[in-house]
Amino acid sequence: MTPQQFQHSILTWYDQKGRKNLPWQQDITPYSVWVSEIMLQQTQVSTVIPFYQRFMQRFPDVETLARAPLDEVLHLWTGLGYYARARNLHRSAQCIAQDHESLFPNDLTALMTLPGIGRSTAGAIRSIAFNQPAAILDGNVKRVLARYAAIDGWPGKSETLKKLWAIAEQLAPKERTAQYSQALMDLGATLCTPNPNCPTCPIAGACRALAQDNPHAYPGKKPKKNNPVRHTYFLVISKPTGELLLQKNPPEGLWGGLWIFPQCDDMNAVETFCERHGICTASRQVLPQRRHTFSHFHLDYQPIRIALKTDTNHAIYTSNDRYWYNHQSPRPLGMPAPVVELIKAATRAL
Ligand code: SF4
């Protein structure tokens with residue numbers, strides 16, 4: 001199949017079968033493409049839709065996002081995971097507002113200098129929003145092209161990735177770039193899925209993986225390794241009136257900028273924390289250990305519920321980075337999923 005035949009097949013299929021009603025396919029702008037592309041990284045469409053709608057309602061354009069407090073951006077990201085994406089969106093919005101007069105650049109190099117915008121996201125913004133030629137290679141497209149051209153190897157390896165980009169560039173059209181990018185993404189999301197529906201595929205006749213009768217072999221799997229396990233204690237400290245103590249993580253690193261419970265490495269550190277802060281407890285309860293899995297390690301966390309005797313524990317509440325969270329009138333803050341779950345459990349128990 002020539003690149004032109006490939007494009008024609010994909011576009012004809014898209015015209016008949018492609019998805020055209022997703023929220024980010026209405027009123028397409030560089031901003032809407034950018035936000036949706038970032039949200040869709042590592043996350044399924046059905047999960048993204050409500051997050052995208054809430055986000056766009058609150059931050060309808062790049063200027064509004066640039067002016068917003070990071071806490072609010074992280075708050076609207078709570079539950080979506082991979083919070084570096086939200087921090088980068090916020091920083092990039094500020095760069096676009098300050099350095100580009102709130103207008104998105106349309107060339108790949110300038111787009112890729114913005115925090116969190118890689119080659120594929122830049123390609124998506126350029127092809128979909130500006131209708132300019134550019135290749136894309138998100139997770140779904142990697143799967144389609146690895147199968148189409150029978151590219152061996154895990155796409156996380158630079159050698160494999162290089163081959164996939166070469167094919168993506170070779171196949172990308174000069175016209176109808178927006179529809180083509182959408183079509184490729186749609187094909188990967190709806191048809192060339194992990195369990196592909198090859199009989200209905202518009203490029204089945206030229207697909208090498210299908211010719212080998214082995215689409216499942218592509219793309220190559222990530223080499224298996226046992227992720228390490230880290231341990232921590234979360235102190236779920238509550239006032240008699242029910243407020244829970246949260247503290248803000250430093251802006252970078254794991255759960256950067258998010259609000260979490262005070263953490264201790266071991267029980268000795270828990271005792272030291274309580275002594276240092278003059279904590280008078282009415283009760284203390286060690287709850288069952290839970291696990292939260294990140295892409296590169298597991299976090300086993302042991303919640304310890306500490307109910308304060310009195311309301312006047314000022315020593316704990318001494319900085320801007322600590323906050324008594326009131327579930328009846330919560331401030332918009334970003335919190336990781338384990339903290340959200342523990343807050344729900346703690347407030348149910350009140
Ligand atoms: S023929 Fe099957 S494996 Fe090949 S691209 Fe189409 S859906 Fe994917």
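At-a-glance table
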| item | result |
| --- | --- |
| Members of segment 92-116 that are surrounded by fewer than 22 Cβ atoms within 10 Å (Cβ to Cβ), part of a loop (DSSP other than H, G, I, E, B) and of a type outside the set (Phe, Trp, Tyr) | His100, Glu101, Ser102, Leu103, Pro105, Asn106, Asp107, Thr113, Pro115, Gly116 |
| Residue within segment 150-162 that is within 16 Å of the ligand (Cβ to nearest atom), on the phi > 0 side of the Ramachandran plot and not in a helix (DSSP H, G or I) present | yes |
| Boolean, Pro251 is farther than 30 Å from Val340 by Cβ, more than 16 Å from the ligand (Cβ to nearest atom) and open to solvent by 70 Å² or more (accessible area, probe 1.4 Å) | no |
| Scope segment 108-132; condition in contact with a helix residue (DSSP H, G or I) (Cβ under 6 Å, 6 or more places away or on another chain) and small (Gly, Ala, Ser); matching residues | Gly116, Ala122, Ala124, Ser127, Ala129 |
| Pick from segment 40-75, criterion in contact (Cβ under 8 Å) with a residue 40 or more places away in the chain and over 20 Å from Ile117 (Cα atoms), ranking: most open to solvent (accessible area, probe 1.4 Å) | His75 |
| Subset tally (residues that are surrounded by fewer than 12 Cβ atoms within 10 Å (Cβ to Cβ) and either among the hydroxyl-bearing types (Ser, Thr, Tyr) or modelled with pLDDT of 80 or more (or both)) for segment 300-319 | 4 |
| Matching residues in segment 194-241 - criterion: being assigned to a loop (DSSP other than H, G, I, E, B), away from the ligand (no atom under 16 Å from the Cβ) and either open to solvent by less than 30 Å² (accessible area, probe 1.4 Å) or touching a strand residue (DSSP E or B) at 6+ places or on another chain (Cβ under 7 Å) (or both) | Asn227, Lys239, Pro240 |
| Near pairs, Cβ below 8 angstrom, 6+ apart or cross-chain, from segment 144-170 (assigned by TED's automatic domain parsing to the domain that holds Thr121 and aromatic (Phe, Trp, Tyr)) to any residue that is open to solvent by 20 Å² or more (accessible area, probe 1.4 Å) and part of a helix (DSSP H, G or I) | Tyr148/Ile167; Tyr148/Ala206; Tyr148/Arg208; Trp165/Arg119 |
| Any hit, segment 120-143, residues being part of a helix (DSSP H, G or I) and surrounded by fewer than 17 Cβ atoms within 10 Å (Cβ to Cβ) | yes |
| Filter pass, Ala183 being part of a loop (DSSP other than H, G, I, E, B) and either within 16 Å of the ligand (Cβ to nearest atom) or open to solvent by less than 20 Å² (accessible area, probe 1.4 Å) (or both) | no |
| Sole exception among (1) surrounded by 16 or more Cβ atoms within 10 Å (Cβ to Cβ); (2) within 30 Å of Gln170 (Cα to Cα) for Pro3, by number | (1) |
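The values are calculated or read from the model by the stated rules, or taken from the named source; none is laboratory data. Everything numeric here is computed off the predicted structure, so don't read it as measured data. Please note: Cβ atoms are built from the backbone with ideal geometry, for glycine as well, and neighbour counts cover all protein chains shown. The area values use the complete protein model at the heavy-atom level, side chains included, leaving out ligands, DNA and RNA. Shrake-Rupley method; radii C 1.70, N 1.55, O 1.52, S 1.80 Å.
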